[in-house]
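See below for the structure under consideration.
A short reminder: the numbers here are calculations on the coordinates, not readings from a lab. Since the structure is predicted, the reported quantities are computational estimates derived from the model, not experimental observations. Cβ coordinates were reconstructed from backbone atoms using ideal geometry, including for glycine residues, and neighbour counts include every protein chain displayed.
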Amino acid sequence: MKKLLFCLILVLSSFSSAREAVLQPLTYLQEVVIVGQPIEAEIYSLLINGKDSVLVRNGHDSLYVQIKPVHYTLAKILLAQAYVESGENLASPLATTHNNFYAITFPGRGKLTTALHGRAWAEGRTGYCSYASPEESAADLILWLDFHKFPHGRTTPELYVHFIKKHKYFESAEAAYLTNLKKHLLHGHQQHNLLQESI
């Protein structure tokens, strides 16, 4: 009887330990995938790490270029900008249908683009870019910034928004765009930091 009772205690003890192991908290990067934001991690990874070889188009010609990484302060701003352009859940029709998370329009001649899928229709016009992945959308934004000679180093939301407004990236008032961008920076501040530490 004592042996049976001892075995029963061992079984219950091992079950309790296994249950505790299952209930251990997940790492943050796993949580990002669980809550449905692998897109955010993909975009941020491209921004912070760059990519050695990306296929781009220049008119009718295709070539491979390097996408250089940006400073983490700029990466956070660009990630927040995706929410400004694509909505709270990164779920605008342009983003979900064409992977265009920055509402980037098709470039003119002499500008490199990762939009190998051609033009997309949105908001009553066909001039937007269509991408194969969220990563390509982020890479194209960096190409746009490089074309206009915006540095990859440390920056501020004010400097960034003023620069892209000067180069006609958006049509709304500069102050309103900046307020929206800062709202998403504050909303995702902790998340972005943890993403940076996890990548």
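Descriptive notes on the structure:
- Centre separation in Å (Cα based) which lies between segment 105-150 and segment 57-83: 10
- For 109, 119, the sequence from fewest to most other C-beta atoms within 10 Å is 109, 119.
- Under Stokes-Einstein, with the Kirkwood radius over Cα pairs as Rh, the value for segment 43-106 at 4 °C and 1.567 mPa s is 100 µm²/s.
- Entries of 68/183; 111/166; 51/182 with Cα pairs more than 25 Å apart: 68/183; 51/182
- Working note: Debye formula, equal point scatterers on the alpha-carbon atoms of segment 26-198, no solvent; log10 I(q)/I(0) at q = 0.15, 0.19 Å⁻¹ is -0.83, -1.39.
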